[in-house]
Amino acid sequence: MKATPHVYVSDRVSRRDFLKLSSLVAGMGGVMVLSGCGPAAQDATTDDATDATDDASTEAATLGDGTTLRVGMEAAYAPYNWQVSEESEYTIPIENVSGAYADGYDVQVAKMIAEALGMEPVAVKLDFAGLIDALNNGQIDIVCAGMSVDPDRAQSADFSDSYIDDDIVMITTQDSPYAGATTFADLAGASVMGQAATMYDTVIDQIPDINHMTPGETVPIVVESLASGTSDVITYSMLSVPKLLETYPNFVELEMEDKFEGSVMPDNAAIAKGQDAILEQINEVINAIPEDERQQMWNDCMDRQPA
């Protein structure tokens, strides 16, 4: 819940310049026509109205100060975002932590959005729970933080289309008696573990007649429980399965007909309400990222993330 140049980025910047130029030309045309058919007082009034319209249009298409894109995130939620001490092609500076940089999937998408808007991205490291408030009080311009839109958040901010969608799947070992399970009923009697304080644990309650094990505090603990035979099945991130199977060749993903309810986890950007033109541009950037590129970006972040 990872930057490659895109053709659409340069196209978007050119479009913004074109819109500004068009507004200027339209304003000049209005002056020339009106100067020949009305008194000077009317000219001034119309010119002021035209300038106000142009200013409003420019404001509507500018995020923050139009120069620096302040991106709110925890910088502690790999592979979505994390903090590093060295700059690289994948990082952006963390504005409020001296000498620190942010990397991760959210960072790569934020860089694409910033480039399309003609801005320079910087991360602002904040507690996850305070991100929406920081957005609305002007401390940050956008949230890219492994955040999913929900009805409560949608009342306080406008959310983009998802730039990656994760889901919860189940993993077992190749020699497990549950390796061929396709329904929840097939898992009867299995010991199933997920990560504490996350949906990876709570969704297990949807499976009847199993041993819902005490959750592991971290993902590595959950994975180790399966590797050691302590658990029969674990819940896991769908996007992260390819890397898991590379590391543990004896693991297999269950091909389930039954699906968990409410388990899909989109990753949406958020901006303050009332900026429809900017939200449209952000969505254009997001929707131009192919699915295979999204997965590759995710895999690359899985490789780079801290151990």
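The values are calculated or read from the model by the stated rules, or taken from the named source; none is laboratory data. These numbers come from a predicted model, not from an experiment. Glycine gets a Cβ as well: all are built from the backbone with ideal geometry, and neighbour counts include every protein chain shown.
Quick notes
- Among the candidates Val97, Val149, residue that is in a loop (DSSP other than H, G, I, E, B) and over 27 Å from Gly274 (Cβ atoms): Val97
- Looking only at segment 180-198, residues that are among the aliphatic types (A, V, I, L, M) and crowded, with 17+ Cβ neighbours inside 10 Å come to 5 in all.
- Options Gln174, Gln139: the member that is modelled with pLDDT of 95 or more, within 13 Å of Val71 (Cα to Cα) and either in contact with a strand residue (DSSP E or B) (Cβ under 9 Å, 6 or more places away or on another chain) or surrounded by fewer than 16 Cβ atoms within 10 Å (Cβ to Cβ) (or both): Gln139
- Number of positions in segment 238-260 that are among the aromatic types (Phe, Trp, Tyr) and either under 22 Å from Pro208 (Cα atoms) or under 27 Å from the mean Cα position of the chain (by Cα) (or both): 1
- Summed over segment 217-274, residues that are among the hydroxyl-bearing types (Ser, Thr, Tyr) and within 17 Å of Gln174 (Cα to Cα) total 8.
- The residues of segment 173-195 that are over 15 Å from Ser231 (Cα atoms), out of contact with any helix residue (DSSP H, G or I) (no Cβ under 6 Å at 6 or more places or on another chain) and of a type in the set (Gly, Ala, Ser), listed by number, are Gly180, Ala185.
- Condition check for Glu257: farther than 27 Å from Phe128 by Cβ and charged (D, E, K, R): yes
- The condition of being polar (S, T, N, Q) and under 32 Å from the mean Cα position of the chain (by Cα) holds for only one of Thr173, Thr230, that being Thr173.
- Residue within segment 263-270 that is of a type in the set (Gly, Ala, Ser) and in contact with a Cys (Cβ under 7 Å, 6 or more places away or on another chain) present: yes
- Residue within segment 108-115 that is crowded, with 20+ Cβ neighbours inside 10 Å, under 25 Å from the mean Cα position of the chain (by Cα) and in a strand (DSSP E or B) present: no
- Filtered residues of segment 152-202 (kept if of a type in the set (A, V, I, L, M, F, W, C), farther than 25 Å from Arg294 by Cα and either in contact with a His (Cβ under 9 Å, 6 or more places away or on another chain) or assigned to a helix (DSSP H, G or I) (or both)): Phe184, Ala185, Leu187, Val192, Met193
- Gly130 being surrounded by fewer than 18 Cβ atoms within 10 Å (Cβ to Cβ), part of a helix (DSSP H, G or I) and not β-branched (Val, Ile, Thr): yes
- Highlighted here are the helices (runs of 4 or more DSSP H) found entirely within segment 205-307 that include at least 1 residues which are in contact with a Lys or Arg (Cβ under 8 Å, 6 or more places away or on another chain) and buried (at least 19 other Cβ atoms within 10 Å of the Cβ): 276-287, 291-304.
- Near pairs, Cβ below 6 angstrom, 6+ apart or cross-chain, from segment 93-110 (closer than 15 Å to Cys301 by Cα) to any residue that is among the small types (Gly, Ala, Ser) and crowded, with 24+ Cβ neighbours inside 10 Å: Ala102/Ala75; Ala102/Ala123; Asp106/Ala145
- Here Ala123 clears all of (1) over 28 Å from Ser263 (Cβ atoms); (2) assigned to a loop (DSSP other than H, G, I, E, B); (3) of a type in the set (Gly, Ala, Ser); (4) touching a Phe, Trp or Tyr at 6+ places or on another chain (Cβ under 9 Å) except the condition numbered (2).
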